[in-house]
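These notes are about the structure you will find just below.
Bear in mind that the values in this text are calculations on the coordinates, not laboratory data. All of these numbers come straight from a predicted model, not from anything done at the bench. Using ideal geometry, Cβ is built from the backbone for each residue, glycine included, and neighbour counts are taken over all protein chains shown.
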Amino acid sequence: MTLDTRIRDSFLAQGFLQTMGATLDHVAPGAVHISVPLGPALTQQQGFAHGGVGFSIADSAAGFSALTLVEAPDDVVTSDMTIHYLSPAIGDRLIARGTVLRPGRRMLVTQADVYALRDGREVHAARLTGTMVRVTPR
């Protein structure tokens with residue numbers, strides 16, 4: 001199974017991402033991009049993307065970026081995450097670009113930047129950092 005197929009299969013098994021309408025836009029060793037269209041169902045009371053939407057796709061992009069560096073059948077789970085919201089996520093689409101900062105044997109330190117696509121340009125909305133832990137399926 002190719003790396004791209006492995007990541008795409010895992011992505012398609014994530015019901016929550018499918019419910020949001022998220023797409024897997026880029027897969028490479030140590031890097032994954034995920035985006036989601038913004039509409040009324042994903043906004044908060046002031047009209048911009050709910051923070052949970054940005055967090056969810058950033059966590060997923062970071063996690064999948066870690067998974068690209070872990071050999072099958074092992075998987076990863078989030079151990080901890082911190083997010084800094086930098087500006088309101090107003091636009092047509094949110095894009096999360098996840099990368100691995102340090103791939104350890106057991107823990108992988110990751111990062112994801114979230115951008116709101118607004119009027120054809122990207123506005124940096126959030127930065128997430130965290131740790132993914134390698135797990136072996138039972």
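Our coupling estimate for the range 119-131, obtained by passing each phi through the Karplus curve with A = 6.51, B = -1.76, C = 1.60 and θ = phi - 60°, is 6, x, 10, 8, 10, 5, 9, 7, 10, 10, 10, x, 10 Hz, Gly and Pro reported as x.
Each of S56, S65 has some number of other Cβ atoms within 10 Å of its Cβ, and from fewest to most they run S56, S65. Under 5 Å from the amide H of H50 lie the amide H atoms of T43, Q44, each residue being 5 or more positions distant or on a separate chain, with H modelled from the backbone and absent for Pro and chain starts.
Using the Cβ of G51 as centre and a radius below 14 Å, the other residues enclosed give a net charge of 0, where K and R count +1 and D and E count -1. Relative to the dominant Cα principal axis of the chain, helix 3-12 is inclined by about 60°.
Note the angle between two axes, namely the Cα long axis of helix 51-67 and the longest principal axis of the Cα atoms of the chain, as a number of degrees from 0 to 90, rounded to the nearest 10. Long axis of 51-67 versus the principal axis of the chain: about 20 degrees. Per-residue Cβ neighbour counts within 10 Å put I7, I34 in the sequence I7, I34, beginning with the fewest.
Cβ-to-Cβ counts within 10 Å put D80, D113 in ascending order as D80, D113, the fewest first.
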